[in-house]
Amino acid sequence: MSVHLHWFLPTGGDGRTLVDRHAYTDGGIRRSRVTPVSGVRAPDIDYLTQIAKAADQLGFEAVLTPTGTWCEDAWLTTAALSQHTERLKFLVAFRPGVISPVLAAQMAATYQRITRGRLLLNVVTGGDSTEQRRFGDHLGHDERYARTDEFLQVVRGAWRGQPFDFQGDHYQVEGGLTALPPDPLPQIFFGGSSAAAGPVAARNVDVYLTWGEPPEQVKEKTDWIRGLAEQEGRTVRFGIRLHVISRDSAREAWATADRLLVDLDEDTITAAQQALGRSESVGQRRMLQLHGGTRDDLEISPNLWAGVGLVRGGAGTALVGSHAEVADRIEEYHSLGIEHFVLSGYPHLEEAYWFGEGVAPELAARALLDRAPVSPLAGVPATNGRPASAPGGAPLLLSGGR
């Protein structure tokens, strides 16, 4: 079982700070400043293309694109980016409650043909009723998961390519089908820590995603889902969503983590914690419990840092350390059955290179990757007796560190 590495597309804005989404009321799209935070980058197509091309070049298998009213639409953005990349897959997040399941099945089929099979699907049931109501969705927490269960049954039924009938509490479909089913069928990723979420994962999904909790908690969760899947006669694979700060030395990495906290005053942290505390998401509550809303003792497990979760919802932890230490932690999670690692960092462009050039070779050396990362200069012929790393006869410059 090898490791699958994925990166993240910051379609809600990016930057050298954890408070980038607080810096602009519009996520940086129009640059309407409300606080004097520097280093914020708008999620325009040119910048997102840079990240996608970097991920493609560095050997990441896919990029996750989020869903919500605070970011750009994932379907449209990734369809555009697919035309600027060659191999990279797109893990498109979407909400079942705001789209017809038959239409979603058709969109997925079209997407697969346009991109030649580069679609993965991340189903987001939604743990915040306020956000759901913005989309016109007024169902309660457990009802949303029941609807997701039906939604995924309809999607898979429509992909059979034959008229499909379904009668449920949330969907009634007569003769639903996708005339040209997607080939290959997109893998379905899904996350949820509540009692209502577990059976949905066990019955329907290919990859169950957890946020970055300490290894012992991750093992408890994967054992739970694995047991539910066995009762359904199915096998579910596992993934984890983490930020990452990897450097040539542990000291550099932890110094970078500390700098991310500089912009966070106590009022900002308190306001963020109050807002996140209102979430109905069990997974979000588990993230909050890891740090308790304070800066004290944020290394909650070796190389696992909870500082991100002080002000940001969703994935609130980061792997922090030297390239070898980060690879150690990935190997530890992998030993628990985690195959897919969906990673991110601030800023996403630079951190993709730190990880791709530092940690990925470590993982390849440990035989945890199917193939070693390919240098962008691989295959460039030597010139005038010089190696490919100095094309065109240019002098070969050597330096240490970065």
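Annotations
- No other residue among 209, 261 is open to solvent by 10 Å² or more (accessible area, probe 1.4 Å) and either over 19 Å from the mean Cα position of the chain (by Cα) or at pLDDT below 95 (or both) apart from 261.
- Failed condition for residue 296, given (1) acidic (Asp, Glu); (2) farther than 29 Å from residue 128 by Cα; (3) surrounded by fewer than 19 Cβ atoms within 10 Å (Cβ to Cβ): (2)
- Residues that are in contact (Cβ under 8 Å) with a residue 60 or more places away in the chain and not in a loop (DSSP other than H, G, I, E, B) within the range 63-88 comprise 64, 74, 77, 78, 81, listed in sequence order.
- Test: residue in the range 279-292 that is more than 19 Å from residue 319 (Cα to Cα) and in a helix (DSSP H, G or I): yes
- Filter result for residue 343 (modelled with pLDDT under 95 and under 26 Å from residue 226 (Cβ atoms)): no
- Checking each residue in the range 125-155 for being assigned to a loop (DSSP other than H, G, I, E, B), buried (at least 20 other Cβ atoms within 10 Å of the Cβ) and not hydroxyl-bearing (Ser, Thr, Tyr) picks out 126, 127.
- Within the range 308-328, considering residues that are of a type outside the set (A, V, I, L, M, F, W, C) and surrounded by fewer than 24 Cβ atoms within 10 Å (Cβ to Cβ), the one nearest to residue 265 (Cα to Cα): 312
- Checking each residue in the range 156-165 for being surrounded by 19 or more Cβ atoms within 10 Å (Cβ to Cβ) and either at pLDDT 95 or above or part of a loop (DSSP other than H, G, I, E, B) (or both) picks out 157, 158, 159.
- Total residues in the range 89-124, condition open to solvent by 30 Å² or more (accessible area, probe 1.4 Å) and part of a loop (DSSP other than H, G, I, E, B): 4
- Annotation: residue 182 fulfils all but one of (1) open to solvent by 60 Å² or more (accessible area, probe 1.4 Å); (2) in contact (Cβ under 8 Å) with a residue 60 or more places away in the chain; the unmet one is (1).
- Flag for residue 217 being surrounded by fewer than 22 Cβ atoms within 10 Å (Cβ to Cβ), over 24 Å from residue 120 (Cβ atoms) and within 20 Å of the chain's Cα centre (by Cα): yes
- Beta carbons closer than 9 Å, at least 6 apart along the sequence or on distinct chains, pair a first residue in the range 227-240 that is touching a residue at least 40 places away in the same chain (Cβ under 8 Å) and under 20 Å from residue 334 (Cβ atoms) with a second that is charged (D, E, K, R) and not in a helix (DSSP H, G or I) for 237/206; 237/339; 238/339; 239/339; 240/213.
The values are calculated or read from the model by the stated rules, or taken from the named source; none is laboratory data. Because the structure is predicted, anything quoted here is derived from the model rather than measured. Cβ: placed from backbone, ideal geometry, glycine included. Neighbour counts: every protein chain shown. Each accessible area value is taken on the protein alone, full model and side chains, heavy atoms only, with ligands, DNA and RNA left out. Shrake-Rupley method; radii C 1.70, N 1.55, O 1.52, S 1.80 Å.
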